[in-house]
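All remarks here apply to the structure that follows.
Only the coordinates and a few stated rules stand behind these numbers; no lab work does. Keep in mind that this is a model prediction, so the values were computed, not measured. We place every Cβ from the backbone using ideal geometry, glycine too, and count neighbours over all the protein chains shown.
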Amino acid sequence: MPRSLQDQPPISGQGAPATRYAYKASLIGSAHQFELTDEGLSWQAGDKSGVWRYADITAIRLSYRPMSMQSRRFRADIECANRQTVSVLSTSWQTVALMTPQDRDYRAFITQLHERLAKAGSKAALIGGIGPKTYAAGIVLLALVAIAIAGLLVRAIATRELAGALFLVGFAALFGWQIGGFLRRNRPRTYAFGDLPEALLP
């Protein structure tokens, strides 16, 4: 690497430049650190590190990856020509019970990365959302759950089980909001350097 990232702060601050970003993927271990340099994307994750020329980056996949402790969590998977992949997350672990969002820093870094790739004449594949097969499986699951809940709701109304009917309505609303929102944001797509998908950025 042209310069060490060890001396950088472990987590991006609100005033951090858009060319640098860091996050903790877990409570154990060092932060994952990234920098956009003139030579390329410089990264360090644990005992692994490297510098990828912008021309050697072959793909970027942006996705929405919520967790129980952080519903606003985004991810970028960056692949190099050597088949190595590094992931950039928009949240960082602080304590056992706290996962901190880094929305502004993450968005600035990802936007700057795309700008540098465009200036370098990159031919990288720009992919949004989850894989088509996973997405299709999610749609099928959502449909099956909807059919099952509708059947149970009809039965509950027919037997005048109002408490059960209300529970099913509440469950359906929560399930549809969580799973439906996940699928809506993660619809498989491709995008251009100058038109990043807003649904996949904080």
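Calculate the translational D of region 132-183 in whole µm² s⁻¹ from Stokes-Einstein, where the hydrodynamic radius comes from the Kirkwood formula applied to all Cα pairs, the temperature is 4 °C and the viscosity 1.567 mPa s.
On the way: Rh = 11.7 Å.
The Stokes-Einstein estimate is 111 µm²/s.
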For helix 103-119, what angle does its Cα long axis make with the longest principal axis of the chain, in degrees from 0 to 90 and rounded to 10? 60
Please give the charge dipole size of the chain, origin at the Cα centre, charges +1 on K and R Cβ atoms and -1 on D and E Cβ atoms. Round to the nearest 20 debye. 520
Loop only per DSSP, at most 15 neighbouring Cβ atoms within 10 Å: give me the GluC sites (Glu not before Pro) in region 95-202, ordered by residue number. E161
Residue-wise, which Karplus ³J(HN,Hα) couplings in Hz belong to region 136-143, taking 6.51 cos²θ - 1.76 cosθ + 1.60, θ = phi - 60°, and x for glycine or proline? 4, 4, x, 5, 4, 4, 4, 5
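Take the Cα radius of gyration of region 161-200 and divide it by 2.2 N^0.38 Å, with N its residue count; two decimals is plenty.
Details: Rg = 16.4 Å, N = 40, 2.2 N^0.38 = 8.9 Å.
Taking N as the residue count of region 161-200, the ratio is 1.84.
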Can you list residues whose amide H is under 5 Å from A59's amide H, if they're 5+ apart or on another chain and H is modeled 1.01 Å from N? E79, A125
Helix-derived [θ] at 222 nm for the chain: sum -39500 (n - 2.57) over DSSP H runs of at least 4, divide by residue count, nearest 500? -12000 deg cm²/dmol
Just need log10 I(q)/I(0) for region 83-202 at q = 0.23 Å⁻¹, Debye formula, equal scatterers on the alpha-carbon atoms, no solvent, rounded to two decimals. -1.29
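Viscosity 0.890 mPa s, temperature 25 °C: Stokes-Einstein D of the chain from its Kirkwood Cα radius, in µm² per second? Spell out each step's value before the answer.
Values: Rh = 18.9 Å.
D = 130 µm²/s.
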